[in-house]
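Bear in mind that the values in this text are calculations on the coordinates, not laboratory data. As the structure is a prediction and not an experimental result, all values here were calculated from the model. Cβ sites come from the backbone with ideal geometry, for glycine too, and all protein chains shown count toward neighbours.
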Amino acid sequence: MLSVSGLGLARGGRMLFRDLDFAVGAGGALLLRGANGTGKTTLLRALAGLLPPTAGSILWGGVDVAEDREAHGARLHYVGHLDGLKGVFTIAENLAFAAALAGLPPAANPAAVAAALAAVGLEGLGEIPAGLLSAGQKRRAALARLRVAPAPLWLLDEPTVTLDAAAVARLERLMGEHLAGGGLIVAATHTPLALPGAAVLTLGQE
């Protein structure tokens, strides 16, 4: 379980929010909503262990993630606004690199990469350099990292940006499969996502 207790986060000397409490258990999803500047990205970065809380705590299984940030990083995938692809590498090479970073044995890489490409509808494009992709294809390639190696916690910042309707449907299917397998998702999104049972947290409300 991922939980936060009394969480407060500041940016540029201004408190975005304080006294935030929530929990997400296995198979659960939390959708973050709110106007621009209300702290959705900052919250996701804190949940990923990239920013220290101004107040309160972030817990995994009841243990503060600050006690072992390396272990926390190994249990999550974070997809931010930037796609994080090396343009001179092919899509397959980018995904193989992500799999290697996640500790996947090299012999398993080809099958994992093929499954990830299929999950986001990029079959047959694995040998194209990432720098030649359209914006939507780059986003799908970035999201394919969610599939290329297992991690229980997915933190997604506006994952549907630049995606067409078919790609959004694939993403929803990918997210649903992750939740059905006991995974957890926290996603900031302005676009409705078909995730039955997902909780919603709107930031910026008094």
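For the reader, a short list of remarks on this structure follows.
- Using the Karplus relation 6.51 cos²θ - 1.76 cosθ + 1.60 with θ = phi - 60°, the per-residue 3J(HN,Hα) values for segment 88-99 come to 7, 8, 5, 4, 4, 5, 4, 6, 5, 5, 5, 5 Hz, with x marking Gly and Pro.
- Stokes-Einstein D for the chain, Kirkwood Rh over Cα pairs, 25 °C, 0.890 mPa s (µm²/s): 140 µm²/s
- Where GluC sites (Glu not before Pro) fall in DSSP loop in segment 50-149, at most 15 other Cβ within 10 Å: GLU123, GLU127
- Backbone HN-Hα couplings from phi across segment 33-46 [Karplus 6.51/-1.76/1.60, Hz, Gly and Pro as x]: 10, x, 5, 4, x, 8, x, 5, 5, 4, 5, 4, 5, 5
- Dipole magnitude of the chain, debye to nearest 20 (Cβ charges: Lys/Arg +1, Asp/Glu -1, about Cα centre): 300 debye
- All-pairs Cα distance distribution in segment 84-151, expressed in whole percent, bin size 5 Å: 3, 22, 35, 26, 12, 3, 0
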